[in-house]
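The block underneath contains the structure these notes are about, expressed in structure tokens.
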Amino acid sequence: MHDLDLDRRLLAALRDCGSDRRVAAAARALSFAGEHGALWLAAGLTGAALDADRRPAWLRATALTAAAHLTSMGVKRVVRRPRPATEPPGDAAGASQPPLVATAGRHSFPSSHATSAAAAAVAFGALHPLGARLVPPLAAAMCVSRLVVGVHYPSDVAAGAVLGALAARAGAVLMGGGGRG
């Protein structure tokens with residue numbers, strides 16, 4: 001079995017979860033909230049507004065999350081991998097099931113939702129113990145939602161999550177904000 005076959009089989013299995021209307025609704029909501037990193041940018045700006053003592057750190061973490069998202073968009077333009085639902089008919093890529101959401105672009109690698117979610121988990125998690133407990137599960141759910149709605153392969157999501165986590169961590173170190181506070 002080739003890696004692409006495994007990618008397609010995993011996608012089909014997770015996409016089938018979307019046949020449950022409650023799962024589909026949650027996946028759609030997460031996908032909508034994560035569009036262009038909106039949920040994470042709003043969370044970071046809210047943190048900056050409410051936590052005056054750590055405002056610079058919240059703004060730095062928000063900027064890192066935005067930068068990771070923009071980086072993923074640049075990688076998409078270079079790689080240009082088509083989304084599963086846009087592959088020619090006959091491919092076993094979930095094309096028989098239309099996606100549950102519309103997408104802003106036609107390229108899938110890496111997942112920008114996964115990139116910004118992982119970046120937020122790393123960047124915001126370093127700021128506060130509550131963020132370290134709440135953001136990673138929400139970020140993971142965001143990543144899985146992109147598979148359930150049928151717009152990414154698992155490798156798109158995995159690559160996006162790695163890109164986001166590495167970008168946020170590297171950016172924090174470079175900006176001198178690698179730790180809490």
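The values are calculated or read from the model by the stated rules, or taken from the named source; none is laboratory data. Since the structure is predicted, the reported quantities are computational estimates derived from the model, not experimental observations. With ideal geometry, Cβ positions are generated from the backbone for all residues, glycine too; neighbour counts draw on all protein chains shown. For accessibility, only protein heavy atoms count, side chains too; no ligands or nucleic acids. Shrake-Rupley method; radii C 1.70, N 1.55, O 1.52, S 1.80 Å.
Remarks
- Inter-residue pairs, beta-carbon under 7 Å, first closer than 18 Å to G74 by Cα and in the range 30-42, second open to solvent by 40 Å² or more (accessible area, probe 1.4 Å) and not charged (D, E, K, R), 6+ apart: E35/A104
- Close contacts from the range 6-26, counting a first residue that is among the β-branched types (V, I, T) and a second that is assigned to a helix (DSSP H, G or I), with Cβ to Cβ under 7 Å and a gap of 6+ residues or different chains, come to V23/C17; V23/V148.
- Flag set for F109, criterion: at pLDDT 85 or above, closer than 17 Å to S155 by Cα and not small (G, A, S).
- Being modelled with pLDDT under 85 and open to solvent by 50 Å² or more (accessible area, probe 1.4 Å) is a condition met by at least one residue of the range 113-128.
- Any helices (runs of 4 or more DSSP H) falling wholly within the range 1-88 and containing at least 2 residues that are open to solvent by less than 50 Å² (accessible area, probe 1.4 Å) and farther than 25 Å from L127 by Cβ: 3-16, 21-33, 55-79
- Just one of the listed residues (A123, A141, A118) is in contact with a Ser or Thr (Cβ under 7 Å, 6 or more places away or on another chain) and in contact (Cβ under 8 Å) with a residue 40 or more places away in the chain, namely A123.
- Filtered residue count, the range 136-147, keeping only those that are open to solvent by 10 Å² or more (accessible area, probe 1.4 Å), at pLDDT 90 or above and of a type in the set (A, V, I, L, M, F, W, C): 5
- Scanning the range 30-78 for residues that are farther than 17 Å from H128 by Cβ and of a type in the set (V, I, T) turns up T71, V75, V78.
- Counted residues, the range 150-181 - those being in contact with a Pro (Cβ under 6 Å, 6 or more places away or on another chain), of a type in the set (A, V, I, L, M, F, W, C) and at pLDDT below 90: 1
- Residue check, A132 under 15 Å from A66 (Cα atoms), open to solvent by 10 Å² or more (accessible area, probe 1.4 Å) and free of Cβ contacts under 8 Å to residues at least 60 places away in the same chain: no
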